[in-house]
Amino acid sequence: MKRVVLLAVLLGLLTAPGLFAQATGNTSIYVQFPRIAILYYRSSITLAPSASDLITAFAGANPVNTGTTTINTFTAGLGSLEGDATTPATPFNQNVLTTINNFYQVRANYQFQVTVSITDGTLQGDGTTGGGNILMANAQTELNDSGTWAATVQQTTPGGLGTVHKGDVRFDLDFSGATLIPPAATATFGDGVVQTQVAFF
């Protein structure tokens with residue numbers, strides 16, 4: 001008799017209306033989003049200026065017109081002439097300003113600053129094809145073609161990780177101490193380092 005009653009109770013519970021009606025719960029989701037900055041950069045760049053570009057950079061033009069000169073013959077000594085193509089006393093007193101566009105890129109979700117510096121400014125010849133060195137100095141950068149050049153530049157509106165900020169870099173190159181070793185027609189001078197550093201502020 002007890003078994004029959006128990007079975008009836010169970011059947012009544014199973015068929016009770018609304019017992020398995022849909023239940024809904026809302027959960028609020030929060031994301032802790034840390035400050036992030038991603039720097040994209042090249043580990044190596046080779047610059048290959050042409051001879052005519054270097055001549056123009058150092059001399060202003062090729063050939064260089066140094067003005068008129070009166071040539072006096074046989075005054076200082078028999079057969080001695082004073083030539084017209086005199087060169088400045090310091091022909092390499094100006095460095096070649098070198099600009100590299102899209103040198104690096106930055107994505108960030110917080111205001112950031114970029115600092116460029118020359119940590120090794122001496123590009124040395126290999127001693128076989130090139131002798132002496134090329135010197136780097138005065139590194140500067142700009143962001144997003146702003147036209148504002150400095151060793152450190154800031155970005156106060158980064159725009160989030162979906163926004164890419166393009167950085168250009170420029171520096172001076174002094175070629176006055178570099179030579180080619182015959183019979184080499186070209187030489188690669190290397191080991192100069194420009195450091196790009198991104199930091200929040």
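The values are calculated or read from the model by the stated rules, or taken from the named source; none is laboratory data. This structure is a prediction, so every number in the text was calculated from the model and none was measured. When we count neighbours, we look across all protein chains shown, and the Cβ atoms used for this are built from the backbone with ideal geometry, even at glycine. Note: accessible area is taken over every heavy atom of the protein model, side chains too, but ligands, DNA and RNA are not part of it. Shrake-Rupley method; radii C 1.70, N 1.55, O 1.52, S 1.80 Å.
Please give the FRET efficiency for Ser176 paired with Thr115, using the beta carbon to beta carbon distance and R0 = 25 Å, rounded to the nearest 0.05. Each step should come with its number before you reach the end.
Working: r = 28 Å, r/R0 = 1.12.
That pair, Ser176 with Thr115, gives E of 0.35.
Over the range 135-178, what is the mean sequence separation of C-alpha contacts under 8 Å (at least six apart), divided by residue count, expressed as relative contact order in percent? Don't jump to the answer; show the numbers that get you there.
Numbers: 55 pairs, mean separation 23.5, N = 44.
Relative contact order here is 53 percent.
Within the accessible area of the range 126-201, what % is carbon and sulfur when the probe is 1.4 Å and the other protein chains stay in place?
On the way: 2000 of 3920 Å².
Its accessible area is 51 percent carbon and sulfur atoms.
At 1.4 Å probe size, with no ligands or nucleic acids counted, give the accessible surface of Leu47 in Å², nearest ten.
For Leu47, the solvent-accessible surface is approximately 80 Å².
As a test question: what accessible area, to the nearest 10 Å², does Thr196 have when a 1.4 Å probe is rolled over all protein chains in place?
Thr196 exposes around 30 Å² with every protein chain in place.
Lys and Arg at +1, Asp and Glu at -1: add these up for the other residues within a Cβ distance under 15 Å of Leu47 and post the number.
On the way: positive: Arg42, Arg170; negative: Asp53, Asp168, Asp172, Asp174, Asp191.
In short, -3.
So how much slack lies between Thr68 and Ser28, counting 0.36 nm per residue of separation and subtracting their Cα-Cα distance, in nm? Before the final figure, lay out each step's value.
Working: separation 40, 0.36 × 40 = 14.40 nm, distance 8.54 nm.
5.9 nm is the gain from fully extending Thr68 to Ser28.
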